[in-house]
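Read through the structure below, which is laid out as structure tokens, and then see the notes.
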Amino acid sequence: MPVEFVGALAGRNQFQGPAGSGPNLDLEYLRNLARAHENADFDRVLMLGGGESIVATGFAASVTEKLGFMIPFRPGPLTPLQGAKSLAALDHVTNGRIRVHAITGITAEPGHGDFVTDKDERYARTSEYLDVLIRAWTAEAPFDHEGKYFQLKNVFSPVRPFQQPHPPVSFGGSSDAAYHVAARHCDLYALWAEPISDVKEQIAKLRAAAAAIGKPAPRVSLSVRLIIGNTEAQAWEKAHDIAERLASNRRNAAPNPLFHGVQGTGTKRLLAAAERGDRHDKYLWFGTATAVGATHDSTSLVGTPDQIVEALLDYYDIGVTTFLNRGYEPLYDAVDYGRWIIPAVREEVRRREEAAAKATPAVLQPA
């Protein structure tokens with residue numbers, strides 16, 4: 001299966017610490033970063049940020065031609081009908097270049113009117129939300145929905161998505177309940193980079209959940225930072241410098257009054273792996289993850305371009321077909337990934353697929 005590359009797009013450089021953060025969109029930076037990803041031949045980009053991501057996507061689509069966009073949204077704060085109409089409209093604005101990425105969230109978000117704390121309940125609510133969202137995109141007539149979390153009357157969206165029957169939907173999570181939601185609703189399941197044996201375990205659970213309901217398993221996306229050097233020593237020097245900067249930013253950051261302090265399953269998995277050692281497999285490093293408390297996709301592959309390509313292909317061999325790669329100097333890293341990583345991985349995947357096709361014996365048809 002062809003491999004897909006996803007970058008990340010933000011309205012400002014989020015990796016410069018407190019001084020680089022702020023409430024406003026830097027449209028010049030956003031434009032340059034979007035075009036850098038398109039020129040680097042990324043398939044799409046994950047839109048970072050909060051509620052402004054839909055607005056930022058519309059702008060980024062206007063300054064690019066083929067780059068796709070992965071739109072994160074949290075089922076709950078927006079009603080399913082509001083979500084259906086907004087995302088369908090965005091699908092038209094981008095000429096069908098969006099993927100919708102559902103994020104359940106770790107715990108309640110009272111500022112959004114969300115007071116559900118139980119994780120299984122949150123996943124169940126996400127599943128019900130996606131039921132209504134997809135039906136609203138495709139229904140030919142108004143319908144009612146009487147569920148546990150949503151009671152809706154006369155649901156109908158006059159705005160049809162550009163993509164038919166609807167935009168693709170992806171989903172992420174590390175709890176056991178997450179695999180069942182993904183198997184039911186999604187064509188792509190997003191994981192954070194862990195040691196290969198741990199990722200294999202998660203893929204097996206995902207496939208089992210899909211088999212239990214008689215559906216094909218979603219494809220698998222892996223999020224991992226790439227830290228590249230001309231030599232291995234240079235790459236590791238760069239990696240340690242980045243980790244020190246991340247740790248300093250974390251120490252010096254003002255307290256976030258909205259931070260809930262709850263560790264999600266993904267964070268716990270990363271920290272548990274880090275306790276077994278900073279380095280795993282060939283080039284996987286947990287130094288950047290521990291520097292930020294492992295609160296997001298923050299593990300790294302560190303090495304020369306050839307070493308990182310080798311490591312990505314190891315994940316491809318166990319079933320990963322999408323790589324979400326971003327670095328700590330987003331603009332420059334996007335250029336480097338397009339120069340050294342993306343074409344090399346794609347070429348090797350193409351070569352392997354051709355070799356596998358030739359090795360498969362032809363099936364003789366009966367006379």
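Tabulated values for the structure
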{"read-out": "Residue that is modelled with the lowest pLDDT, among those in the range 250-307 that are under 22 Å from ASP333 (Cα atoms) and among the acidic types (Asp, Glu)", "value": "ASP297"}
{"read-out": "Residue tally, condition surrounded by 13 or more Cβ atoms within 10 Å (Cβ to Cβ), assigned to a helix (DSSP H, G or I) and not charged (D, E, K, R), over the range 239-298", "value": "19"}
{"read-out": "Filter result for PRO216 (touching a strand residue (DSSP E or B) at 6+ places or on another chain (Cβ under 8 Å), at pLDDT 95 or above and assigned to a loop (DSSP other than H, G, I, E, B))", "value": "no"}
{"read-out": "From the options VAL93, VAL63, residue that is over 23 Å from TYR337 (Cβ atoms), at pLDDT 95 or above, touching a helix residue (DSSP H, G or I) at 6+ places or on another chain (Cβ under 9 Å) and open to solvent by 20 Å² or more (accessible area, probe 1.4 Å)", "value": "VAL93"}
{"read-out": "Evaluation of SER157 against (1) touching a residue at least 40 places away in the same chain (Cβ under 8 Å); (2) surrounded by fewer than 19 Cβ atoms within 10 Å (Cβ to Cβ); (3) not in a strand (DSSP E or B) (one fails), failing number", "value": "(2)"}
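To keep it simple, each residue is scored yes or no on (1) part of a helix (DSSP H, G or I); (2) open to solvent by 20 Å² or more (accessible area, probe 1.4 Å); (3) among the β-branched types (Val, Ile, Thr); (4) on the phi > 0 side of the Ramachandran plot.
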| position | (1), (2), (3), (4) |
| --- | --- |
| GLY111 | yes, yes, no, no |
| VAL116 | no, yes, yes, no |
| ARG125 | yes, yes, no, no |
| ILE134 | yes, yes, yes, no |
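The values are calculated or read from the model by the stated rules, or taken from the named source; none is laboratory data. On a predicted model such as this, the values are computed, not experimentally measured, just so you know. Cβ: placed from backbone, ideal geometry, glycine included. Neighbour counts: every protein chain shown. Just the protein is used for accessible areas: all its heavy atoms, side chains included, with ligands, DNA and RNA removed. Shrake-Rupley method; radii C 1.70, N 1.55, O 1.52, S 1.80 Å.
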